[in-house]
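Have a look at the structure below before the remarks.
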Protein chains: 2
Amino acid sequence: MEVLFMNNNNNENEVKNGLFPIGDENLAFQKYFTGLTFHNSLVKDSNVNVTVSNVSFKPGSRNNWHIHHNGYQILLVTGGEGWYQEEGKKARLLHPGDVVITLDGVKHWHGATKDSWFSHIAITAGTPIWEEPVSDADYDQLSTEDVNND
Amino acid sequence: MEVLFMNNNNNENEVKNGLFPIGDENLAFQKYFTGLTFHNSLVKDSNVNVTVSNVSFKPGSRNNWHIHHNGYQILLVTGGEGWYQEEGKKARLLHPGDVVITLDGVKHWHGATKDSWFSHIAITAGTPIWEEPVSDADYDQLSTEDVNND
């Protein structure tokens, strides 16, 4: 039981054995991410104006600041613990069951906490515009013990 | 332990304790459903062209035949066991992790199997047009033991 408990500490099992397969290492988007992430495309259909993907992040990994141009993004958090931050606002700590809506043109990033795997379903419309990485300095100052999500 | 096992037989615990809260009895849409269902709205935002809902079905319950006019629907199956059927096609047996896309104008229904609770996330665009119920005769002839999903 101790081994199981140790594995669960960083939610690796929860994320890797979620409802939707974790997919492959997200090499296609690696240049827009810091650290290792996984991507599984669930819906990509020319008759549908959104894509749906299962995206998973190793501890410490996150995507660059980005915008959904002429679109939006919905995140349905499915595993582990992660961050979501819009420019000029405090980061929001995310857990399974949380829902995030990013509107057209809002600069933001999302990713795992330092110590936990993280996964979400992403429902995305429009065209992403990728910007600079979240710096280590900015990321490292985030603390899961000093969060007020109100 | 025996009680727990009995509860799990029909996936009631899995559906009632899923990632997203089960929500309330779906009284607003009761006239378009057979049997008892539950609805939890996750996303409803005038800036976003889809709604996202967690929909759960008691064993035997299902929605009427319907169409998504000027839109589409994506189902992400999250719990239990259910059916999806498009007009003129064989019913498809669904389990957690399955994904269904219903295109504009396609007449279809979805719901639980006779013996299992069922839940899915529904991502919906356009306007639903509700038609007749799935008859007991048609529903009762579906068998989970005689399914080929190929």
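The values are calculated or read from the model by the stated rules, or taken from the named source; none is laboratory data. Keep in mind it's a predicted model, so treat the numbers as computed, not measured. Ideal geometry is used to build each Cβ from the backbone, glycine not excepted, and the neighbour counts take in all protein chains shown. Calculation scope for accessible area: heavy atoms of the full protein, side chains included, ligands and nucleic acids excluded. Shrake-Rupley method; radii C 1.70, N 1.55, O 1.52, S 1.80 Å.
Could you tell me whether any residue of the range B:18-35 is closer than 19 Å to residue B:113 by Cα, surrounded by fewer than 20 Cβ atoms within 10 Å (Cβ to Cβ), among the acidic types (Asp, Glu) and within 14 Å of chain A (Cβ to nearest Cβ)? No, there is no match, as no residue in the range B:18-35 is closer than 19 Å to residue B:113 by Cα, surrounded by fewer than 20 Cβ atoms within 10 Å (Cβ to Cβ), among the acidic types (Asp, Glu) and within 14 Å of chain A (Cβ to nearest Cβ). Scanning the range B:92-119 for residues that are more than 11 Å from every other protein chain (Cβ to nearest Cβ) and assigned to a strand (DSSP E or B) gives B:92, B:93, B:94, B:108, B:109, B:110, B:111, B:112, B:118.
Among the residues examined, residue A:89 does not qualify as surrounded by 16 or more Cβ atoms within 10 Å (Cβ to Cβ) and either farther than 30 Å from residue B:68 by Cα or more than 10 Å from chain B (Cβ to nearest Cβ) (or both).
Scanning for something in a loop (DSSP other than H, G, I, E, B), farther than 16 Å from residue B:32 by Cα and among the acidic types (Asp, Glu), does the range B:120-141 turn up at least one residue? No.
Give the residues of the range A:34-55 that are farther than 17 Å from residue A:84 by Cβ, part of a loop (DSSP other than H, G, I, E, B) and among the small types (Gly, Ala, Ser), sorted by residue number. Result: A:46, single match. Take the range A:71-91 and flag every residue that is in contact (Cβ under 8 Å) with a residue 60 or more places away in the chain and in a strand (DSSP E or B). Selection gives A:78, A:79, A:80. Scoring residue B:68 on the criteria (1) farther than 22 Å from residue A:19 by Cα; (2) not in a strand (DSSP E or B) leaves a single failure, condition (2). When A:104, A:115 are screened for being among the acidic types (Asp, Glu) and closer than 28 Å to residue B:101 by Cα, only A:104 passes.
Here is a check on your reading of the model: is residue B:64 at the interface with chain A (Cβ under 10 Å from one of its Cβ atoms) and either surrounded by fewer than 19 Cβ atoms within 10 Å (Cβ to Cβ) or within 21 Å of residue A:44 (Cα to Cα) (or both)? Answer is no for this residue. For the subset of the range B:99-116 comprising residues that are over 10 Å from the mean Cα position of the chain (by Cα) and either touching a residue at least 60 places away in the same chain (Cβ under 8 Å) or at positive phi (or both), which member is least open to solvent (accessible area, probe 1.4 Å)? So, considering only residues that are over 10 Å from the mean Cα position of the chain (by Cα) and either touching a residue at least 60 places away in the same chain (Cβ under 8 Å) or at positive phi (or both), the one least open to solvent (accessible area, probe 1.4 Å) is B:116.
Taking every residue in the range A:46-61 that is more than 9 Å from every other protein chain (Cβ to nearest Cβ) and pairing it with any residue that is among the acidic types (Asp, Glu) and in a loop (DSSP other than H, G, I, E, B), at least 6 positions away or on another chain, the pairs with Cβ-Cβ distances below 8 Å are A:59/A:115.
Report whether or not residue B:134 is away from chain A (no Cβ under 14 Å) and at pLDDT below 95. Judged against the criteria, residue B:134 is not a match.
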